[in-house]
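Colleague: Submitted below is the structure of interest, expressed as structure tokens.
The values are calculated or read from the model by the stated rules, or taken from the named source; none is laboratory data. The model shown is predicted, which means the values in this text are computed figures rather than measured ones. Positions of Cβ are backbone-derived with ideal geometry, glycine not excepted, and every protein chain shown enters the neighbour counts. Areas reflect the complete protein model, heavy atoms only, side chains present, ligands, DNA and RNA absent. Shrake-Rupley method; radii C 1.70, N 1.55, O 1.52, S 1.80 Å.
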Amino acid sequence: DDDDSPSNDNDNSKDGETVNNKKKNDEDLLGDAASADAPAFDEAVTKLIRQRRKPPRASRRSTINGVPTEKVTGFGAKSNSDSGKPKKKSKKPYVAIGQGGERINDPSRPQVDDQGYTLYTNEETGEKSRVFEALVDYPCVFTMKIVGANEGTFVEDIVALVADACESEVHEISHSTKAMGKWTSVTVQAPVDSSEMLYTLYEKVDLDPRVKFKF
């Protein structure tokens with residue numbers, strides 16, 4: 001259930017400012033070009049399309065201070081067992097050492113990797129990974145709610161976007177809508193095969209300037 005999962009809120013709170021800045025930069029880029037001449041506008045559109053076709057950030061390997069996240073334990077310290085030999089699983093529960101009162105996976109103080117994704121620490125082993133990697137089992141049908149402007153073809157466009165991100169056909173995406181004045185809520189059932197696909201879906205939704213919230 002997306003309303004109960006900590007991943008839906010935590011994983012995107014850190015990215016909000018970056019996404020908003022990107023949208024503003026896109027709008028400024030097109031606005032400045034449109035006020036000049038047609039060739040400049042065409043060039044701006046081409047540049048914007050090129051930017052949006054870049055590989056998603058989720059395709060980058062998770063690291064903390066340049067160290068692969070899976071090799072980091074505790075509060076950002078490198079593991080001493082990085083010798084290339086198979087690791088023996090410890091039967092002892094993981095105990096993090098830090099300032100008094102610090103909690104593991106504290107939602108008010110999330111730990112983030114170098115790529116901007118919120119991390120989750122396994123409370124038994126201390127192993128760190130991105131939230132959607134740790135807390136979601138794949139493949140699955142992930143429920144996502146998207147709120148945006150109640151205008152034009154917003155609903156159809158969102159469903160098509162989800163289908164594209166999930167490598168599915170539009171008719172395969174189950175969804176429901178609810179109009180709320182100038183806003184429309186679209187609840188989609190997204191068939192995702194991996195955490196990278198789910199993160200990519202969130203990134204593509206963020207690129208639509210009509211989207212106001214998602215959870």
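Colleague: Just one of (1) touching a His at 6+ places or on another chain (Cβ under 8 Å); (2) among the hydrophobic types (A, V, I, L, M, F, W, C); (3) part of a helix (DSSP H, G or I) trips up Ala134, so point out which.
Modeller: (1)
Colleague: Going through region 104-130 one residue at a time, which ones are modelled with pLDDT of 90 or more, within 22 Å of Leu207 (Cα to Cα) and surrounded by fewer than 19 Cβ atoms within 10 Å (Cβ to Cβ)?
Modeller: Val112, Asp114 - these are the residues of region 104-130 that are modelled with pLDDT of 90 or more, within 22 Å of Leu207 (Cα to Cα) and surrounded by fewer than 19 Cβ atoms within 10 Å (Cβ to Cβ).
Colleague: Any residue in region 131-150 that's small (Gly, Ala, Ser): show its pairings with residues that are open to solvent by less than 50 Å² (accessible area, probe 1.4 Å) and assigned to a strand (DSSP E or B) at Cβ separation under 8 Å, as long as the two are six or more apart or on different chains.
Modeller: Gly148/Thr184; Gly148/Val186; Gly148/Val211; Ala149/Thr184
Colleague: Would you mention how many residues in region 166-183 are part of a strand (DSSP E or B) and either touching a Gly at 6+ places or on another chain (Cβ under 6 Å) or not basic (Lys, Arg) (or both)?
Modeller: Within region 166-183, residues that are part of a strand (DSSP E or B) and either touching a Gly at 6+ places or on another chain (Cβ under 6 Å) or not basic (Lys, Arg) (or both) number 7.
Colleague: Still on this structure: For residues in region 131-147 being under 14 Å from Ser168 (Cβ atoms), more than 14 Å from the chain's Cα centre (by Cα) and not aliphatic (A, V, I, L, M), which is most open to solvent (accessible area, probe 1.4 Å)?
Modeller: Ranking the qualifying residues of region 131-147, first place goes to Pro139.
Colleague: While we're looking at this one, here's another question. Have a look at Val205, Val162, Val186 and point out the one that is crowded, with 16+ Cβ neighbours inside 10 Å and outside any helix (DSSP H, G or I).
Modeller: Residue meeting the stated conditions: Val186.
Colleague: Going by what's in this entry, would Glu156 be described as under 21 Å from the mean Cα position of the chain (by Cα), over 17 Å from Phe215 (Cβ atoms) and either assigned to a helix (DSSP H, G or I) or not aromatic (Phe, Trp, Tyr) (or both)?
Modeller: For Glu156, the condition - under 21 Å from the mean Cα position of the chain (by Cα), over 17 Å from Phe215 (Cβ atoms) and either assigned to a helix (DSSP H, G or I) or not aromatic (Phe, Trp, Tyr) (or both) - is not met.
Colleague: Among the residues of region 79-101, are any open to solvent by 70 Å² or more (accessible area, probe 1.4 Å) and at pLDDT 75 or above?
Modeller: So far as region 79-101 goes, no, none of its residues is open to solvent by 70 Å² or more (accessible area, probe 1.4 Å) and at pLDDT 75 or above.
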